[in-house]
Amino acid sequence: MSPNRDRPWLIRTYSGHSSARASNALYRSNLAKGQTGLSVAFDLPTQTGYDSDHPLARGEVGKVGVPISHIDDMECLFQEIPLDKMNTSMTINATAAWLLSLYIATAERQGSTSVALTGTTQNDIVKEYLSRGTFVFPPEASMRLTSEMVAYTVDHAPRWNPINICSYHLQEAGATPVQEIAYAMANAISVLDRVRENEEVDDETLSRIFGRISFFLNAGIRFVEEMCKCRAMTRLWAEIGRDRYGISDEKMLRLRYGVQVNSLGLTEAQPENNIVRIALEALGVTLSKRARTRSLQLPAWNEALGLPRPWDQQLSLRTQQILAYETDLLEYEDLFDGSHVVEKLTAELLSTAREELQTVLDMGGAVVAVENAYMKQRLVESHTKRLRAIESGELVVVGVNEYQETVESPLVEGGSESILKVDESAEREQIESLEAFRNRRNSDEASRALRLLEDTVKSGANIMPVSIEAAKAGVTTGEWSEVLRNIFGEYRAPTGVAAASASSGHEASAEVERVRARVDDVSSRLGRRLKILVGKPGLDGHSNGAEQIAVKARDVGMEVVYDGIRLTPQEIVQSARDEGVHIIGLSILSGSHCVLVVDVVEQLRRAGLGEIPVVVGGIIPGDDAEELKKAGVVRVYTPKDFDLTRIMSEIVDVVSELNAV
Amino acid sequence: MQSEPPNDPEHALAAAVTRGDLGSLSEALNQIDDDRPENREAALALLDAIEGHSRSPRIGVTGAPGAGKSTLLDALVAGLRERDRSIGILAVDPSSQRTGGALLGDRMRLSSSARDSGVFLRSLAARDQLGGLSEITGASLDLMQAAFDIVFVETVGVGQSEAGVIDIVDSLIFVAQPASGDLIQFMKAGILEWPDIFFVNKSDLGDAARRTSAELKAGLQLGGRRDPDYTPKVLCGSARDALGIDELLEAIDEHQQYLESSGQGDIRRTSGRAARVRNTLMTRFGRYGLERLTGPFEVETYVGEKSHSSVERLADELGLRIMKELGRDVA
Ligand code: B12
Ligand SMILES: Nc1nc2c(ncn2[C@@H]2O[C@H](COP(=O)(O)OP(=O)(O)O)[C@@H](O)[C@H]2O)c(=O)[nH]1
Ligand SMILES: [Mg+2]
């Protein structure tokens, strides 16, 4: 082995589920297996600022991450994990200031201080509006929260990355490499411009802040292009630092980023193929020294089936370890310096991305381009193109639209045993423990802390110190968020779907034409045009499926009502009634389908709308699909049903059969 | 106004609509949208049964795409719910395409607090006609008016294209983008002619909103208004931040009172009904067909006398008349 190997990147696995206790055990066992950093997945109520006993949290507690309602939860999560020695990445955004406060308060309980902490709060709201969906507050208030966290940590937690600008989620929502670069940069600029407005930020501080901004990128299967994308971003970032912010310190100008490799391309069909995809994608962001990631998270082979079990995550961890410790890739200088192929591709990406970035800046920047739906529309369009290419076979996905012939995979013989099932009792237990916490805390102190928080937010002073005090005083996640909700209000980001679909003019395939003719035919039999409601119940932010179903439904000539993500079953039933739809399609990927879909079906029945057929799509394990059908759902679709035109044809069947005279 | 309604399904449904039963309203809206000839009579009976039943204000909200109409409606709904009024909203979507498909996505702007039992929102794809409002828009608003304390229709329009909305509403609000143009452009577009209230939106963005209001006010003094006796209000506010909403609600009330006391309200409704019948006949039979109607069958005269029949019924009756005349022409 060569003596001067580079140090490997931080090796992490994104995880958390059920409860603080269960997640703590998982973290400790992952660390024991050689993982070198932690990456916390919170559940959706925590991410959207609700306590576990809030009505909107029903069915979601502990499902896709760990519920953290108060300081005792946080302390339990890191039991026997010394925070001053750990590097922790927290995927938390709208409520980032609060979770960081809990983290700091926990570190203090452990006898440490904020100065010693290393890690990252994701804290990137723009991409929440565009892709990830756990936004709460309007853009202006969100930018304020972000800039206050930046201002606070630069002095009080100087080794903490207060914000991680994410292009990862943009690719997961369909972005091309150029869009990934351009929108991430526009986003970073909107944050830095905002921070710079603060009078206390002088040139020296701005330079340090610039150096603390980190990025979170994606890496897809076209791994050569992805490597060049990373090189292009590195250059563009330094360019922006120099030209826009007058930064000269080379160390500060260096783009620092972590990567999670692409999950959107991981398939339900022949899921073992994903093992290879993941390894190749990891290679793309580690192979070239100049474009090597600082930390890496790999999804698991059963990504499209459901949540990974510890063994599934271990395989991903081992993949990283083989790459880092067995191969020779850490022994060399950059392998591609001087390659004119790499240079040319990088330059092309760079110049196209610069143009797209300029388009957004000319519009008024990232926040404006969120509010007017420009970026979102572009993402939906790109995703529509991608799916059309898969449908037509132009883009080959092995095992999905080509080479489907297969023997039974031994990996999935166990059926629903091949994924992690969160125990249904987790929610109840978490609620009980929350009640116990509320009873044992000093409620006077908690109320005092909440009043102080309210005054501070209204005064415009930095929210961090009072939030840390509130964490210590026993305030809960829901209470902290409630104060801010009352002052800032709430915001729903535009869906971008109407505009994207209007611009999607293209040659319709013969299949699409055939379905159009059927829609016309059924519509004339119905007496009015076939109308579908596409609904997203619960806190689930996965909008891709719903968006693409909506675009395709319109494309085949249906009238489509799509109101965006995060609706309650009641709101969906109300829409269905008001709009007089012929069919309802629910899309749900967060794992809470059993509770929420059944709720919609029952409420429809109670409202006298029981005759409207309901179809469901998303991450629905086979057993659950049967359960949903028993509850009255007509059809269930999962990622293996990649042919959207065919899905439309079946929807026409459903309506047609029901209305046969 | 009406005696005990007869006991047939259309009247039962009409009665449920006027009671404000939202499920029934939805069913009724579906029924009148049904274009199968065999179901036409039921739809007409339904519309006849609710005709003239309600005097609830009918308000149009128009303006360029992106001006903030939907956001403004959301803010208005919040204000009206505080005043305990039930609200119906008809959102007309301009984006339908050749295939007939349409994406009706504006609901996302109605905040969840607004989605209680006192609020109803139906979206309609503006199909059939070139730019104008389809016949079904007016009929849908008629039904909704019977069910709610106040109804709104959101349509996209700039200037002359407002003409169609005018026929189906009492008061028209124009939502203006700040700095959307200088005075000359407003006048060229004919924007100053129709609206009763101007709401210059996005005042949170700075001074442009105030400048735009000043220009509009100046322009209105130049005359050229549909109703020379009423000077439209020009308001300025922010739909996003709910600024100027109380003033807007007041302006709506005030205009409604003016319509009542001046008698303009009745005049507008009668002429609006006639215009709708005329438009429908025009679409179906063209100018040549329309000119076959004479004497007591002249559209305005006929509609004026039959105030208890729905617009759709009258259009069908006169349509039959035209067909007869056309048949005679041929013979
Ligand atoms: C892309 C993605 C994301 C993107 C979402 C971007 C967006 N705006 O949609 C990002 C990166 C933001 C994301 C975030 C998260 N994700 Co995610 N994500 C995925 C991923 C990789 C692909 C989903 C996707 O978009 N596929 C493409 C679309 C087109 O396919 P689809 O939705 O499945 O739709 C198809 C069918 O299902 C069906 N269909 C779907 N809906 C409907 C509706 C109707 C009416 C019909 C007829 C058909 C239909 O038709 C479509 C055509 O094939 C999946 C894993 C996977 N490979 O499937 C995980 C996955 C869904 N995510 C998961 C999780 C946990 C999360 C997080 C909650 C993690 C966390 N703790 O924070 C976050 C938070 C998201 C939130 N706010 O809810 C889990 C869910 C686990 C579970 N259900 O048990 C999954 C399964 C990954 C995993 N194995 O852990 N994610
Ligand atoms: N700054 C600001 N933006 C607004 C205001 N009202 C609406 N908007 C934004 O303008 C865009 C269009 O709003 P929308 O209500 O959909 O307009 P519509 O097309 O006229 O219905 C959205 O991005 C809104 O967030 C406002 O008062 N101030
Ligand atoms: Mg609108």
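The values are calculated or read from the model by the stated rules, or taken from the named source; none is laboratory data. Because the structure is predicted, anything quoted here is derived from the model rather than measured. All Cβ positions, even for glycine, are placed from backbone atoms using ideal geometry, and neighbour counts span all protein chains on display. To get the accessible areas, we keep the full protein, side chains included, count just its heavy atoms, and leave off ligands, DNA and RNA. Shrake-Rupley method; radii C 1.70, N 1.55, O 1.52, S 1.80 Å.
Structure notes:
- Length-normalised contact order of chain A in % [C-alpha pairs under 8 Å, at least 6 apart]: 16
- Test item: A:509-521 mean partner chain Cβ contacts at 10 Å: 1
- Counting only protein heavy atoms and a 1.4 Å probe, chain B has 44 square angstrom of accessible area per residue.
- Along segment B:224-241 the Karplus relation, 6.51 cos²θ - 1.76 cosθ + 1.60 evaluated at θ = phi - 60°, assigns HN-Hα couplings of x, 9, 5, 10, x, 7, 10, 8, x, 7, 10, 10, 9, x, 10, 5, 4, 9 Hz to successive residues, with x for each Gly and Pro.
- Relative contact order (%) - segment A:1-160, alpha-carbon pairs under 8 angstrom, separation at least six: 21
- Bins of 5 Å from zero: percent of alpha-carbon pairs in segment B:220-282: 4, 14, 16, 17, 18, 15, 11, 4, 1
- When the Cα atoms of segment B:7-53 are aligned to their principal axes, the ranges along those axes come out at 28, 19, 18 Å in descending order.
- The mean number of partner chain beta-carbon atoms within 10 angstrom of a residue's beta-carbon across peptide A:570-579 is 5.
- Kirkwood-based shape ratio for segment A:497-658, expressed as Rg/Rh from alpha carbons: 0.94
- Distant alpha-carbon pairs in segment A:485-583 (separation over 20 angstrom), percent: 46
- Between helix B:40-50 and chain B there is an angle of about 60 degrees, using the helix long axis and the longest principal axis of the Cα atoms.
- Each peptide among A:331-337, A:304-310 gets the average number of other Cβ atoms lying within 10 Å of its residues, and from highest to lowest they stand as A:304-310, A:331-337.
- When chains B and A come together, the accessible area they lose, probed at 1.4 Å and totalled over both chains, is close to 2800 Å².
- Segment A:563-661: radius of gyration over Cα atoms, expressed as a fraction of 2.2 N^0.38 Å: 1.03
- Principal axes of segment A:109-169: Cα extent on each, largest first, Å: 38, 23, 19
- In the calculated pair-distance distribution of segment B:1-80, the portion above 20 angstrom amounts to 49 percent of the Cα-Cα pairs.
- A Stokes-Einstein calculation at 37 °C with viscosity 0.692 mPa s, built on the Kirkwood radius of segment A:407-563 over Cα pairs, returns a diffusion coefficient of 154 µm²/s.
- Sequence ranges A:443-451, B:8-16, B:60-68, ranked by mean other-Cβ count within 10 angstrom, highest first: B:60-68, B:8-16, A:443-451
- Inter-probe distance in nm under a simple model that places probes 7 Å from Cα toward Cβ, at A:Asn4 and B:Arg287: 8.9
- Partner lysines for A:Lys63 [C-alpha distance under 28 Å; skip if fewer than 8 residues away on the same chain]: A:Lys33, A:Lys127, A:Lys376, A:Lys421, A:Lys472, A:Lys536, A:Lys629, A:Lys630, A:Lys640
- In the protein assembly as shown, the portion of solvent-accessible area held by carbon and sulfur atoms comes to 51 percent [1.4 Å probe, whole percent, DNA, RNA and ligands not counted].
- Isotropic mean projected area of the C-alpha convex hull, segment A:81-217 (nm²): 8.2
- Cα centre as origin, Lys/Arg/Asp/Glu Cβ charges: the protein assembly as shown dipole, Debye: 1280
- Across segment B:263-331, the mean sequence separation of Cα contacts (distance under 8 Å, 6 or more residues apart), normalised by length, yields a relative contact order of 39 percent.
- Extent along principal axes [Cα atoms of segment B:263-331; Å; largest to smallest]: 45, 20, 18
- Cα-derived Rg over Rh, computed across segment B:37-81 with Rh taken as Kirkwood radius: 1.20
- Stokes-Einstein D in µm²/s, Kirkwood radius over Cα pairs - chain B at 25 °C with 0.890 mPa s viscosity: 118
- Gap separating the Cα centres of segment A:209-241 and segment A:586-661, nearest whole Å: 41
- Segment A:52-113 - convex hull of alpha carbons, volume per residue in Å³: 92
- By the equivalent-ellipsoid construction on the alpha carbon gyration tensor, the protein assembly as shown comes out with semi-axes of 53, 32, 28 Å, ordered largest to smallest.
- Most to least packed among A:316-329, B:192-205 [average Cβ atoms within 10 Å]: B:192-205, A:316-329
- Among residues other than A:Leu280 with Cβ under 11 Å from its Cβ, the summed charge is 0 (Lys and Arg +1, Asp and Glu -1).
- Relative to one another, the C-alpha centroids of segment B:193-245 and segment B:247-279 are positioned 19 Å apart.
- Against the rule of thumb 2.2 N^0.38 Å, how large the Cα Rg of segment A:536-613 comes out: 1.05
- If the convex hull is drawn through the Cα atoms of segment B:175-331, its volume per residue in Å³: 147
- Average silhouette area of segment A:166-239, convex hull of alpha-carbon atoms, in square nanometres: 5.0
- Put simply, the amide H of A:Ser214, placed in the peptide plane, has neighbours under 5 Å in A:Ile163, A:Ile165, leaving out anything fewer than 5 places away on its chain.
- Near A:Thr645, once Lys and Arg are set to +1 and Asp and Glu to -1 for all other residues with Cβ below 14 Å from its Cβ, the sum equals -2.
- Against chain B, whose longest principal axis is taken from its Cα atoms, helix B:135-147 shows a tilt of about 80°.
- For segment B:42-97 versus segment A:503-561, the inter-centroid distance based on Cα atoms is 26 Å.
- For A:Pro8, net neighbour charge (Lys/Arg +1, Asp/Glu -1) across residues whose Cβ lies under 14 Å away: +3
- Farthest toward the positive end of the dipole of chain B, out of B:Ser54, B:Tyr288, B:Ala275, is the Cα of B:Tyr288, where the dipole comes from beta carbon charges about the Cα centre.
- By the compact-protein rule of thumb, 2.2 N^0.38 Å, the alpha-carbon radius of gyration of segment A:364-418 corresponds to a ratio of 1.86.
- Note on segment A:396-441: Rg/Rh from Cα positions, Kirkwood definition for Rh, rounded to two decimals, is 1.43.
- Segment A:380-462 - Kirkwood radius from inverse mean 1/r over Cα pairs (Å): 19.5
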